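Every read-out reported here was derived from the displayed coordinates using simple, explicitly stated rules and does not represent laboratory data. Not measured: the values here are computed from a predicted model. Quick reminder, even Gly has a Cβ in these numbers, built from the backbone with ideal geometry, and neighbours come from all protein chains shown.
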Amino acid sequence: MRFLTHEIGSLAKPPWLVKTSQGRELDASDIEQARSWGEKVGVEGHEELVESLERGGASVDELNHWASRYCVRLQESAGLEVIWDGEQPRSEMYAWAIEHSTGFEPRGTVRSFDNKYYSKSAAVGPVGLAEPYHNDEFSFLQSVAKARLKIPITGAYTLAVWSYDEHHTPREGRIGAGYGRRSEIEARRELTLDIARNIIRPNLEALIALGADWIQIDEPGASTEADELDLFVESFNVSVEGLDCMFSTHLCFSDYDLFFPAIEGMSECRQYCVGFANYDRRELGTTAADRPGYEVISKFRDLPYDPILGLGVLDIHTDFVESPELVRDRILYAVDVFGDPARIQVCPDCGLRTRSWDVAYAKLQALVEGARLAEAALVGASVS
């Protein structure tokens, strides 16, 4: 029995990339960060980066590649078996997609769910793909990664629900007169499926042509509207239908019961990554009753197409570093509820971009060690 360990997507960008992107000068601590982490996680040739930072003048594109190398080695050094680069070259999961699409115009900055801000755009005409926007990132990582790659890509429903719609929504709806919920949902459906067909699917096809064999479709907005879950499912199916690849999805923090029974129709999804550590306030030695929210795991087990559960065991909202024993216990408890350890994999609750590299690295090491402890516990139980 082995629990596959993998990332979810994002990691913090290093200060030498952030400051250079903003046109700010680096200080000695930024350069030391590049030196110390290059040594710590074994980034080949990191001395070249340090010298470049000391001289000044390195381009953002060059530093994006270096940041990708660092994040790949950070995850590999922590022991993860399936990785990405922490989305280092991307501006933001929504903005990056919109920047490389057509039919959108910016409409200002809004606050998002995690107290961050993003630039929200409006669909103002037929939407389409300006160019595949993950190809360069994937091709570069193919050349440097030692572990298997899993590519996160923002899904159609999230792009739609996080955008204004000035193209499909009737004009009377935009001014609040004579416009009911049914019409609003139909307008959303038109925009979402246009994005699925004309932006997401071409991106997936391009990545698969380059050799991608696992693509994670991120849908943090999936449960924004409880009466649109069928639309979320339809947009996923339209995006991936008939394509030869392993497709998974990441469902951000939510009442996961909301997704049932809608996702019974999402049969092309081979894995659901879901966050449970965020809801788990149990400490070692307390009772199982203090581990709320895990009951829904059995609903993922009972889906008719037998998907894998990507079990979130790291709380990404805190600097608290889970012990390997706590990770082990979360896995074993999930196994008890789920009933089939062969269909469980282990990951953080979400991307770790809000944590420092020090904290993220320690958490990922604990995740890997905890998974190994859980395997040993199950082997021991079967022997006895």
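Just need the relative contact order of the range 92-269 here, percent rounded to a whole number, with Cα pairs under 8 Å and 6+ apart.
About 22 percent, as a whole number.
In what sequence do Arg291, Arg330, Arg35 fall when counting other Cβ within 10 Å, fewest first?
Arg35, Arg291, Arg330
Please work out whether the chain counts as rounded, prolate or oblate from its C-alpha gyration tensor, where a ≥ b ≥ c are the square roots of the eigenvalues and a/c under 1.5 means rounded, while otherwise a/b larger than b/c means prolate and anything else oblate?
Oblate is the answer for the chain, as a/c is 1.5 or above yet b/c matches or exceeds a/b.
Considering only DSSP beta bridges where both residues belong to the chain, give the percentage that are antiparallel (nearest 5).
Given both bridge residues lie in the chain, the antiparallel proportion sits at roughly 20 percent.
Take each uninterrupted DSSP H stretch in the chain, measure its Cα extent along the helix axis, and return the ones at 15 Å or beyond whose mean Kyte-Doolittle hydropathy is at least 0.5.
What comes out of the filter, once short or polar helices are dropped, is 229-240, 357-383.
What relative contact order, as a whole-number percentage, does the range 29-118 give when Cα pairs under 8 Å and 6 or more residues apart are counted?
In percent, rounded to a whole number, it is 19.
What relative contact order, as a whole-number percentage, does the range 13-170 give when Cα pairs under 8 Å and 6 or more residues apart are counted?
Computed over the range 13-170, the figure is 20 percent.
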